Amino acid sequence: MANHPPLPAFAAIVVAAGKGIRAGQPLPKQFAMWRGKPVVRHSVEAFLAEGASQVVVAIPPGGEALAREALAGLEVLRVEGGSTRQESVARALEAIGTADNVLIHDAARPDVPRAVIAGLLEALETHEGAIPTLPVVDSLAIDTEGLMSGSADRDVLRRVQTPQAFRFAAILDAHRDWPGARDAGDDAQVLRASGGAVALVEGDERLKKLTFAEDFVTPSLDVRTGMGFDVHRLVQGEELWLGGIRIDYEKGLSGHSDADVALHTIVDALLGAVARGDIGDHFPPSDPQWKGASSDRFLLHAAKLVGEAGYRIGNIDLTIICEAPKIGPHREAMRARIADLAGVDIDSISVKATTTERLGFTGRGEGIAAQAIATVIRN
């Protein structure tokens, strides 16, 4: 944002006064969650971030509590909408009071690209109104009682999006002159009815309108990545298990299980990739059954959960951090054992080692740390 020149001054209206019942959500879709936030909040935040002098949100009658919760912490003015979209916009325009330009936007289009806003405001330098549009790419047929009775020329047709931009005084007058008996399809039609010219600017597919239940389903990712990190203390009197193999060394790692820090961090990376918590959720150290348990079991379990989630392990990249013992002589044995436990080819397993130049607890030989990144691929 800081690298962009400031946009011309504008106010914004977000129309969120509809019932939104087609989306199949437990509440009006403009207040339903989408990508971690209520739908209406996305566009309001976008306009505020781009420097809107004020944002007015038209909300449904009786929707004050939902709107207040959805927009908590944002400097907006909420007004109760009317029985039609046109009436809701008219009320919001009157609430603005004064402005040079205004953007009027449907809350159901949460993703608002800056480039579209900039293009609309630029068009207002020479026109009273401007709307974002996209070409029609499919052939069109005229339906008459279920039969094709003709076709339309898609080359002269455009798909219309919001936000739509207007010189404030022009759109306010146009709404005041609009016959109250009928609703307007959009605000561009209101302006045209009063004789105003509406420019077409390039829209964006990101402005897609959320309409149906499937629009709220998060698409499954074909590739996901998880990260793990773990630390265990080195002590006398313990065997050293690292990367699934036993290493002859004067000290071993201390922990409730065999304390294989390398396998533990791989387990966390795999669990993270499929959003299944962490190793402590599945093998709590408070549970006596895991005392002294082989960490092989933990990795086998994590690999099983990856499969149950509909994924397979793509690759694992492990880094072991210690001053001693030397990892190099054991690297290939670790790769082979991890590959066997994970059910993948050895070429999918990377084992690296580094030191901290004798700094910190690993540098003093007090413990061993490990970090791993795991990639899983949808089956």
- On the given criteria, is residue 298 more than 19 Å from residue 373 (Cα to Cα) and among the hydrophobic types (A, V, I, L, M, F, W, C)? no
- Message: For the structure I just gave you, tell me whether residue 95 is aliphatic (A, V, I, L, M) and out of contact with any helix residue (DSSP H, G or I) (no Cβ under 8 Å at 6 or more places or on another chain).
- Response: yes
- Restricting attention to helices (runs of 4 or more DSSP H) lying wholly within segment 273-379, give those where 2 or more residues are out of contact with any His (no Cβ under 7 Å at 6 or more places or on another chain) and among the basic types (Lys, Arg). 295-308, 331-342
- Item | Residue list for segment 54-109, filter: of a type outside the set (Gly, Ala, Ser), in contact with a Gly (Cβ under 9 Å, 6 or more places away or on another chain) and more than 27 Å from residue 215 (Cβ to Cβ) | 54, 91
- Hey, does segment 34-43 have a residue that's in contact with a strand residue (DSSP E or B) (Cβ under 6 Å, 6 or more places away or on another chain), of a type in the set (S, T, N, Q) and in the same structural domain as residue 117 (by TED's automatic domain parsing)? yes
- Query: Which is touching a residue at least 12 places away in the same chain (Cβ under 8 Å) and within 37 Å of the chain's Cα centre (by Cα), of 174, 188, 141?
  - Reply: 188
- So, first residue assigned by TED's automatic domain parsing to the domain that holds residue 356 in segment 317-344, second residue assigned to a loop (DSSP other than H, G, I, E, B) and surrounded by 19 or more Cβ atoms within 10 Å (Cβ to Cβ), Cβ within less than 6 Å, six or more apart or across chains; the pairs are 320/327; 334/243; 337/244; 338/244
- Item | Which numbered condition residue 169 fails, given (1) part of a helix (DSSP H, G or I); (2) without any contact (Cβ under 8 Å) to a residue 12 or more places away in the chain; (3) over 21 Å from residue 77 (Cα atoms) | (3)
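Please note which helices (runs of 4 or more DSSP H) are completely contained in segment 33-127 and include at least 1 residues that are touching a Pro at 6+ places or on another chain (Cβ under 7 Å) and within 17 Å of residue 161 (Cβ to Cβ).
Values: elements: 39-49, 64-70, 85-96, 114-123.
Ranges flagged: 39-49, 114-123.
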- Residues satisfying the stated conditions in segment 252-271, i.e. modelled with pLDDT under 95 and among the charged types (D, E, K, R): 258
- Checked segment 195-214 for anything surrounded by fewer than 17 Cβ atoms within 10 Å (Cβ to Cβ) and in a helix (DSSP H, G or I); matches are 205, 206, 213, 214
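The values are calculated or read from the model by the stated rules, or taken from the named source; none is laboratory data. For clarity, every value in this text was computed on a predicted model and none was experimentally measured. Ideal geometry is used to build each Cβ from the backbone, glycine not excepted, and the neighbour counts take in all protein chains shown.
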